[in-house]
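To start, the structure under review is shown below, and the notes come after it.
What follows draws every value from the coordinates through simple rules; no lab data is involved. This one's a predicted model, so the numbers in the text were calculated from it and none came from an experiment. Please note: Cβ atoms are built from the backbone with ideal geometry, for glycine as well, and neighbour counts cover all protein chains shown.
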């Protein structure tokens, strides 16, 4: 199926950071694009077969994991990540040209975006009420519709230009090097190995006992597998019941990755596979190649020993 014949859903309205990230990929930009009001709605539509692909934010360098996305992938769907896209995030305070920042009473935005600007807002708008919107673009659209000089929104310049608001302050995020990671998901399929890949999994421990997490991590350490992400999430099954979200450097086609996951499944925990896909950055391909070569050499050595086992027919 050609890219233009595929449908892809993402968080709207027009002007979201999600749309900005999607349009940065020439292949995704040619898909039939559909807007949704939430990220779980996007993922659920893919799961139901209403879309070929979904595109959602999954992690921010300031605020961490986007829980709405990772929880849906971990607990409510069987979707597989196909790729990741990382873009720099520049937050702007957007409002009417007549707005006096000292008189602002309300700040509208997506909660994750407000959190990325927490210090700036505390310093410059300490008394303004912070109001959650479905997305940064939705916040900008609401502020534009209200046309009230005391109401502003936090979003990007694209949304400001779409809805006719001015940038009253630029780059208001608390950390200059602010980035958000987005993923494309589908109902099935694992992209081919590139040598610069990432594998995402969810680990559900069978037994909550001292050292259980350590024993799982040792499976990766013993094979020189780097974990680029490790965090716990409540399973929603009861207080204190947690699973672990992990990103590994490598692909399920790598023998060492496959061997580690097989051992964990056999001995320690249930593993939910979220996908193996090309990384947006440089990753650690050299380290992975070295580990794979060492594993292959060890396998060849073991096979040579086993080949000497006496045949019972002789």
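So how do 265-274, 181-190 stack up, highest first, on mean other-Cβ count within 10 Å?
Working: 265-274: 15.3, 181-190: 19.6.
Answer by packing, highest mean first, reads 181-190, 265-274.
Please rank 239, 53, fewest neighbouring Cβ atoms within 10 Å first, as an exposure proxy.
Ascending number of Cβ neighbours within 10 Å: 239, 53.
For the ranges 115-121, 74-80, what's the packing order if you count other beta-carbon atoms within 10 Å of each residue, average per peptide, and put the highest first? Kindly include the intermediate steps, with their values, before the conclusion.
Values: 115-121: 18.7, 74-80: 17.0.
Peptide ranking by packing, descending: 115-121, 74-80.
Cα centroids of segment 244-266 and segment 1-50: how far apart, whole angstrom?
Computed from Cα coordinates, the inter-centre distance equals 29 Å.
On a 0 to 90° scale, report how tilted helix 285-306 is relative to the longest principal axis of the chain, with both axes built from alpha carbons and the result rounded to the nearest 10.
20 degrees
Once you place label points 7 Å from the Cα toward the Cβ at residue 218 and residue 230, how far apart are they in nm?
Spacing of the two 7 Å Cα→Cβ label points: 1.3 nm.
Give me D for segment 68-132 in µm² s⁻¹, whole number, from Stokes-Einstein with Rh from the Kirkwood sum over alpha-carbon pairs, 4 °C and 1.567 mPa s.
The estimated diffusion coefficient comes to 88 µm²/s.
Restricting to bridges with both residues inside the chain, how much of the DSSP beta-bridge set is antiparallel, in percent to the nearest 5?
If I count the DSSP bridges inside the chain, around 75 percent turn out antiparallel.
Take the alpha carbon gyration tensor of segment 190-305, find the square roots of its eigenvalues, order them as a ≥ b ≥ c, and report rounded if a/c is under 1.5; if not, report prolate when a/b exceeds b/c, else oblate.
Since a/c reaches 1.5 but b/c is at least a/b, the shape of segment 190-305 is classed as oblate.
Evaluated at 20 °C with a viscosity of 1.002 mPa s, what Stokes-Einstein diffusion coefficient in µm²/s does segment 23-122 have when Rh comes from the Kirkwood expression over alpha-carbon pairs?
133 µm²/s
When only alpha-carbon atoms are used, what values of Rg and Dmax, in angstrom, describe the chain?
When restricted to Cα atoms, the chain yields Rg and Dmax of 23.2, 95 Å.
Label-point separation (nm) for residue 103 and residue 265, each offset 7 Å from Cα along Cα-to-Cβ?
6.4 nm
What does the extension gain come out to for residue 175 and residue 297, with contour length at 0.36 nm per residue minus their alpha carbon separation?
39.4 nm
Within segment 255-274, name every residue whose backbone N is under 16 Å away from a label modeled 7 Å from Cα of residue 209 along the Cβ vector.
Residues passing the 16 Å test: 264-270.
How far apart, in nanometres, would the label points at residue 194 and residue 147 be if each is projected 7 angstrom from Cα along the Cα-to-Cβ direction?
4.7 nm
Take the alpha-carbon positions of segment 158-204, form their convex hull, and give its projected area averaged over all directions (one quarter of the hull surface) in nm².
7.4 nm²
In percent, what relative contact order does the chain have, based on Cα pairs under 8 Å that are 6 or more apart in sequence?
20 percent
Roughly how tilted is helix 136-146, in degrees to the nearest 10 and between 0 and 90, from the longest Cα axis of the chain?
Its long axis makes an angle of about 10 degrees.
Counting other beta carbons within 10 Å of each residue's own, what order do 92, 14, 112 fall into, fewest first?
14, 112, 92
May I ask you to derive the FRET efficiency for residue 41 and residue 308 from their Cβ-Cβ distance with R0 = 41 Å, giving the value to the nearest 0.05?
My answer for the efficiency is 0.10.
By how many degrees, between 0 and 90 and to the nearest 10, does the Cα long axis of helix 255-267 differ from the longest principal axis of the chain?
Approximately 80 degrees, to the nearest ten.
At q = 0.11, 0.14, 0.28 Å⁻¹, what log₁₀ I(q)/I(0) does a Debye calculation on the Cα points of segment 92-170 give, no solvent, two decimals?
Here log10 of I(q) over I(0) equals -0.20, -0.34, -1.54.
Could you put 198, 229 in order, starting from the residue whose Cβ has the fewest other Cβ atoms within 10 Å?
Placing the least packed residue first, the sequence is 229, 198.
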